[in-house]
1. Taking the Cα centroid of region 198-215 and of region 139-177, what is the distance between the two, rounded to the nearest whole Å?
2. Taking only the C-alpha atoms, wrap a convex hull around region 245-383 and report its volume per residue in Å³ as a whole number.
3. What are the ³J(HN,Hα) couplings of region 249-266, residue after residue, when phi is run through the Karplus curve with 6.51, -1.76, 1.60 and θ = phi - 60°? Round to Hz, x for glycine and proline.
4. Solvent-accessible area per residue for region 131-389 at a 1.4 Å probe radius, Å²?
5. Going by the alpha-carbon gyration tensor, a ≥ b ≥ c the square roots of its eigenvalues, is region 82-230 rounded (a/c under 1.5) or, if a/c is not under 1.5, prolate (a/b greater than b/c) versus oblate?
6. Amide H of ILE124: which non-local residues (sequence gap of 5 or more, or other chain) have their own amide H closer than 5 Å, using H built in the peptide plane?
7. If you average the sequence gap of Cα pairs under 8 Å that are 6 or more apart and divide by the length of the chain, what percent do you get for the contact order?
8. Starting from the Cα gyration tensor of region 232-293, take the square roots of the eigenvalues, sort them a ≥ b ≥ c, and report rounded, prolate or oblate (rounded when a/c is under 1.5, otherwise prolate if a/b is larger than b/c, else oblate).
Amino acid sequence: DTGNGEQLYECPMCSLTCTDIQILEEHVDLHLEEHSFSKGGNIRDLELAQQLQTEEDEWRRSEEEKREREEFKKLQRQYGLDNSGGYKQQFLKSMEREVDRGRMQPFEYHKRKADMMECLAFGIDDGKTKTSGVIEALCKYYQNENKDVRRVWLSAGVDHFHSSLGDRGWGCGYRNFQMLLSSLLQNSLYSDCLRDTTLIPSIPKIQSMIEDAWREGFDPRGASHFNNRLHGSKAWIGACEIYSLLTSLRMKCQIIDFHKPTGPMGTHPRLFEWVLQYYSADNEGGAKVVCTSKPPIYLQHQGHSRSVVGIEEKKNKSLCLLLFDPGCSSQEMQKLLKQNNDGTNLKLLRKFVGSLKEKQYQIVAVDGVLSLEEKAARCHASQVLTSEKIP
C-alpha cells in the first residue's frame, strides 16, 4: 500500500512493482515463457552436442579400425603372411621382371624355371647361391696373420648360402638353417639324426619340415602365429622355428634370449662372452688358430638373422664375432677364398661389440644328439617355455 490508498504488486521474479494485478500477471507470464524457452533451448543444445560427440566418436572409432586393418595388412605383407604366394611364385615373378628389363633372355628364363621346378619337386636346394671353403680359407689366413689377432676359434666347415630371386627380402632364417645344416651333415655325430636329410633342402622343403615339427607338438603358440602353415608363403621365421625344427630332428640345442643390453651404449658383451665360451670349451689348447668341431650358431634379431662361424680375441683382449650373412652375395664371399687374402675382405664377416646394438638378440646353438625320451621331454617343455633369458 502506497499510503494514499493505491495498491502495489511486486513481481516475485524480478521485484518490479505494478499498480495493476493484471499487468503483473502478464509480466510474470512473460518471465515464465522466457524461462521455458531458455530451458528448452538448453535441452536442444545439449542434445545437439551429445549427437555431435557421438558422431565424432563413431568417426574416430571407424578411422582407428581402418588404421589398425591397414597396419595389420602391412605387417602381414612384411612378414609374408598376406597369401601373396611363396618361393616359387616370387622366383617366377622376379625372373619375369628380369626378362621385361632385358637383363635375362627368354631361353634362360625357361631353363631356370625348369631347373627350379625340378629342385622343388625333389625338395633340394639348387646350390646356385652356395659358397664352400671359406672356413678352410680363414684357417689358412689366421695361421699367417700377425697384426692384432691373439687367438681365433672357428666353427666346423660350413657352406655360405645367400638369398635368391625366390626368397629375397624374407629368406634369411631359411638360409641360415641351410648353413647350419651344411655343417651338421659333415659331422658323423649327427648322421643318424640326418639319415633322411642327406642333401640341403630347398626353402619350401624347410617350410614343410617346420610344419612337421609343429604337428609333432613343438611350439604350439608359435605355430598358431602362422596359422600352422608356412609352405607356399613368404613367412619370416626366427629362432623358435629353428629350435623346433632342430629338436624335432633329435638335435640337442638351446635357445638363449639376450633380452636387453648388458654393456654401455646398448651393447651386448654378454653375448660375445657366451659365444667365446661355446667355441673355446673343450678347445683350451695354446694354439693361435683353433678349428673346432662345433657347428655355427644361429643369431637372430628383429628383422634379420645371421650365422656365427667364429670369434676372434684381439691382442687387447677385445672380442670380434665372425658372421656369415645371407644378404652377402656369392661374389663377395668368394673374395675370401683368395690365397693372397690380406684381411681387407674380412670386414664382410667381422662384427665388434659396438657393431651389435639391437635391443634384443636370440641364439640357437647345437651341441649334441637327443635320445627319443629327451626329444619327447623337450617337445613337452616347448609347449610351456621356449627360451632361457640371460639376466
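1. So the two Cα centres are separated by 23 Å.
2. On the way: hull volume 20.3 nm³, N = 139.
Considering the Cα atoms of region 245-383, their hull volume per residue is 146 Å³.
3. 8, 6, 8, 7, 9, 10, 10, 10, 10, 8, 7, 7, x, 10, x, x, 6, x
4. Values: 11130 Å² over 259 residues.
Result: 43 Å² per residue.
5. Details: a/c = 2.03, a/b = 1.25, b/c = 1.62.
Note, shape of region 82-230 comes out oblate.
6. SER202
7. On the way: 583 pairs, mean separation 79.9, N = 391.
The normalised contact order for the chain reaches 20 percent.
8. Numbers: a/c = 2.64, a/b = 1.30, b/c = 2.03.
In terms of gyration-tensor shape, oblate.
The values are calculated or read from the model by the stated rules, or taken from the named source; none is laboratory data. What you see is a predicted model, and the numbers here were worked out from it, not measured in a lab. No Cβ is skipped: glycine too gets one built from the backbone with ideal geometry, and neighbour counts run over all protein chains shown. To get the accessible areas, we keep the full protein, side chains included, count just its heavy atoms, and leave off ligands, DNA and RNA. Shrake-Rupley method; radii C 1.70, N 1.55, O 1.52, S 1.80 Å.
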